[in-house]
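The values are calculated or read from the model by the stated rules, or taken from the named source; none is laboratory data. Being a predicted model, the structure only gives us computed values, none of them experimental. Because the Cβ atoms are built from the backbone with ideal geometry, glycine has one as well, and the counts that use them run over all protein chains shown.
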Amino acid sequence: MKLKKKIALIDQHNNLGMWGNKFGGNFVPETLKKPIEELEILFNKMRNNKKFIQERDNYFENWIGSPTRFIYLRNLTNHIGGAQIWAKVVSDANGGAHKIYNATVHCLLAKKAGKKFIIGDTGAGYAGKMLSMAAKKFGLKCKIFMGAKDIKRQQPNVKAMKRNGAEVVPVYTGSQTLVDAVSECMRFWVANCDTTAMCVGSTVGPNIFVKICGWSTSQISRELKHQINEEFGSIPKKLKLYNCVGGGSSSYGFWSEFMDYNKKQVEFIGVEAGGPKAGKKHAAPLTYGSKLGILHGAAQYVNQNIEGQIEETDSISAGLDYPGVSPLHCFLKDIKRARYTAASDEDALNAYKLVTKFENLKPSLEPSHAFSVAIKDAKELSKNTIIVVNSCGDAHKDKNILISKLGKKYDKFN
């Protein structure tokens, strides 16, 4: 199956909600079929409603701060040699990460549906932080499910959620990370869907949540496409777009508007979390050939043991620490539209050191994975190749990890 030209990837699914007749779908309990159908009807209506689009765009521009910067990393480029390295600084967005687009749209939809409560999951804390911000903005009561392990390592974002009035629910089951937070969030929604809206923090889960998140984060590539045309006069003949991939929301948003271009002109490179070099666990199902399975209501490539049970992951990056991946990325891998690889914890830390040494930019550990591969590739590419990395989150949430791993001199936030 190939991409259909001029049709958004989020809409290229069959009547069962599956991309490539293989990925995605709606593998949910009977009790969730009705609320999911209601959300589908509402979203399909609102995405074509001019007043709703205007309302969305108004919040994107005047509250989130769109467009975010597109900058040339001249010092880093000169140090590395080879290709030009640019960054789309999505961390400029209100709250410090791309998650704010999805959270805003979900809260707008919740208000349209007459809901008073909204719940969400989070790993790195950004999805939770942004949902708590948007819930406060739109007058919704908010509950965030977060793995106990992630609560300990992402304290800055936990404190921000609580300041915004959200209840943070620690999840102690399983690996106590993102995968378990998503599971608990969905269980809560099953029992409370009549009064409560659910925001899935990435392009994962049942079909409608993949679509809403992808539709929301596509703002990133709409801006980028315009900025590239403004800077270069047209889309360059050799353009490479690097993005970290956990669930896959920022990368889909970063690539969405470029799907129609030939991959020889515009290449997509997704970078997963390879975990610690000395360990055996990782969060890179696309890179390391994980098998097809069902996770959180969708068919996808997912880390499994020989019995088909979900395997625990390991990554220094809480936002990438997920055993599955968006069905959209599974589809892009299968049709070879995107290339996927992995960076280790150590690679990400070294990339963070290099970027912050040469540029006034502080990428979180998630985009630091993408910077790692982009820097490595740049050395082997010509000067007329344009590399753009999505710096989709700021490193404030990783302050304690960076000090622990690299020393106090890498505390860039005093």
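Here is the figure for the range 87-98: residues that are at negative phi and crowded, with 24+ Cβ neighbours inside 10 Å total 7.
Might you let me know whether the range 209-220 holds any residue that is surrounded by fewer than 22 Cβ atoms within 10 Å (Cβ to Cβ), of a type outside the set (Phe, Trp, Tyr) and modelled with pLDDT of 95 or more? Checked against the condition, which is being surrounded by fewer than 22 Cβ atoms within 10 Å (Cβ to Cβ), of a type outside the set (Phe, Trp, Tyr) and modelled with pLDDT of 95 or more, the range 209-220 yields at least one hit.
Which of the helices (runs of 4 or more DSSP H) contained wholly in the range 155-274 include at least 1 residues that are small (Gly, Ala, Ser) and under 24 Å from residue 68 (Cβ atoms)? Of the helices (runs of 4 or more DSSP H) lying wholly inside the range 155-274, those with at least 1 residues that are small (Gly, Ala, Ser) and under 24 Å from residue 68 (Cβ atoms) span 155-163, 207-217, 219-232, 249-255. Screening the range 109-129 for residues that are in a loop (DSSP other than H, G, I, E, B) and of a type in the set (D, E, K, R) and picking the one that is surrounded by the fewest Cβ atoms within 10 Å (Cβ to Cβ) gives 116.
Exactly one residue among 399, 383, 357, 333 is assigned by TED's automatic domain parsing to the domain that holds residue 317 and touching a helix residue (DSSP H, G or I) at 6+ places or on another chain (Cβ under 8 Å), and that residue is 399.
Scanning the range 307-359 for residues that are buried (at least 24 other Cβ atoms within 10 Å of the Cβ) and without any contact (Cβ under 8 Å) to a residue 24 or more places away in the chain yields no hits at all.
Restricting 21, 26 to residues that are free of Cβ contacts under 8 Å to residues at least 40 places away in the same chain, over 17 Å from residue 215 (Cβ atoms) and of a type in the set (S, T, N, Q) narrows the list to 21.
For the range 388-395, the criterion of being crowded, with 19+ Cβ neighbours inside 10 Å, touching a residue at least 12 places away in the same chain (Cβ under 8 Å) and farther than 30 Å from residue 3 by Cα is met by at least one residue. For the range 363-414, filtering for residues that are part of a helix (DSSP H, G or I), of a type in the set (Gly, Ala, Ser) and under 15 Å from residue 353 (Cα atoms) leaves 6.
Taking every residue in the range 239-257 that is of a type in the set (Ser, Thr, Tyr) and pairing it with any residue that is surrounded by fewer than 24 Cβ atoms within 10 Å (Cβ to Cβ), at least 6 positions away or on another chain, the pairs with Cβ-Cβ distances below 6 Å are 242/269; 252/214; 256/218; 256/221.
Which number in (1) in contact with a His (Cβ under 8 Å, 6 or more places away or on another chain); (2) in a helix (DSSP H, G or I) marks the one condition that residue 343 misses? Here residue 343 clears every test but (2). Please determine whether any residue of the range 271-287 is touching a residue at least 40 places away in the same chain (Cβ under 8 Å) and polar (S, T, N, Q). Looking through the range 271-287, at least one residue is touching a residue at least 40 places away in the same chain (Cβ under 8 Å) and polar (S, T, N, Q).
Exactly one residue out of 85, 36 is touching a residue at least 12 places away in the same chain (Cβ under 8 Å), β-branched (Val, Ile, Thr) and in contact with a strand residue (DSSP E or B) (Cβ under 7 Å, 6 or more places away or on another chain): that is 85. Test residue 193 against the criterion of being in contact with a Pro (Cβ under 9 Å, 6 or more places away or on another chain) and touching a residue at least 12 places away in the same chain (Cβ under 8 Å), and give yes or no. Judged against the criteria, residue 193 is a match.
Here is a yes/no grid of residues against (1) under 30 Å from residue 361 (Cβ atoms); (2) of a type in the set (A, V, I, L, M); (3) assigned by TED's automatic domain parsing to the domain that holds residue 320:
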{"site": "112", "(1), (2), (3)": "no, no, no"}
{"site": "125", "(1), (2), (3)": "yes, no, no"}
{"site": "151", "(1), (2), (3)": "yes, yes, no"}
{"site": "161", "(1), (2), (3)": "yes, yes, no"}
{"site": "165", "(1), (2), (3)": "no, no, no"}
{"site": "169", "(1), (2), (3)": "no, yes, no"}
{"site": "185", "(1), (2), (3)": "no, no, no"}
{"site": "189", "(1), (2), (3)": "no, no, no"}
{"site": "196", "(1), (2), (3)": "no, no, no"}
